[in-house]
Amino acid sequence: MQAEPIKPVNQFVATVGTTGEGAEPDGVHLIFGYLSPPMLLGTPEEIRLQAEALTELPVEVAGRFLLTRARLGELISVLQSVAGQYDAMKGRGPGE
């Protein structure tokens, strides 16, 4: 099996949703993506005008997932555990 390349992400969305088979929520949608900041050049005034003219910023979607509520709970637990391991390795408290 070939290893999937690692994709950086700096944007994410989580929302309650459905699989499309009913009106009742039956899962949680997770979307991960990468937003490359726009290049704004010039004087401070020119940069401000360029930024104001932006109407949208394209996000490259790295993955879309649908989890059941039970699997979401498992993912939260795993992420909390990994965050704790990371903090311990860095010698700092949570969220520092």
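Of the candidates L75, L54, L40, L49, the single residue that is touching a Leu at 6+ places or on another chain (Cβ under 8 Å) and of a type outside the set (S, T, N, Q) is L75. So is A23 within 30 Å of L75 (Cβ to Cβ), among the hydrophobic types (A, V, I, L, M, F, W, C) and in contact with a helix residue (DSSP H, G or I) (Cβ under 9 Å, 6 or more places away or on another chain) or not? No; evaluated as a whole, the condition is false for this residue.
Does G42 qualify as being at pLDDT 95 or above and on the phi > 0 side of the Ramachandran plot? Considered against the rule, which asks whether it is at pLDDT 95 or above and on the phi > 0 side of the Ramachandran plot, G42 comes out as yes.
Does V9 meet the test of being under 21 Å from the mean Cα position of the chain (by Cα), more than 19 Å from E56 (Cβ to Cβ), of a type in the set (V, I, T) and at pLDDT 85 or above?
Values: under 21 Å from the mean Cα position of the chain (by Cα): yes; more than 19 Å from E56 (Cβ to Cβ): no; of a type in the set (V, I, T): yes; at pLDDT 85 or above: yes.
It is false that V9 is under 21 Å from the mean Cα position of the chain (by Cα), more than 19 Å from E56 (Cβ to Cβ), of a type in the set (V, I, T) and at pLDDT 85 or above.
Yes/no per residue for (1) surrounded by 11 or more Cβ atoms within 10 Å (Cβ to Cβ); (2) under 15 Å from the mean Cα position of the chain (by Cα):
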| position | (1), (2) |
| --- | --- |
| E52 | no, no |
| A62 | yes, yes |
| F65 | yes, yes |
| R71 | yes, no |
| S77 | no, no |
| V82 | no, no |
| Q85 | no, no |
| M89 | no, no |
| R92 | no, no |
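Based on what the data block shows, is I47 surrounded by 10 or more Cβ atoms within 10 Å (Cβ to Cβ), out of contact with any strand residue (DSSP E or B) (no Cβ under 9 Å at 6 or more places or on another chain) and not acidic (D, E)? Before the answer, list the steps.
On the way: surrounded by 10 or more Cβ atoms within 10 Å (Cβ to Cβ): yes; out of contact with any strand residue (DSSP E or B) (no Cβ under 9 Å at 6 or more places or on another chain): yes; not acidic (D, E): yes.
Yes, satisfied.
For the range 18-37, a residue qualifies if it is loosely packed, with under 13 Cβ neighbours inside 10 Å and modelled with pLDDT of 90 or more, and the qualifying residues are L35, S36.
The values are calculated or read from the model by the stated rules, or taken from the named source; none is laboratory data. Just so it is clear, the model here is predicted, and its values are computed rather than measured. Using ideal geometry, Cβ is built from the backbone for each residue, glycine included, and neighbour counts are taken over all protein chains shown.
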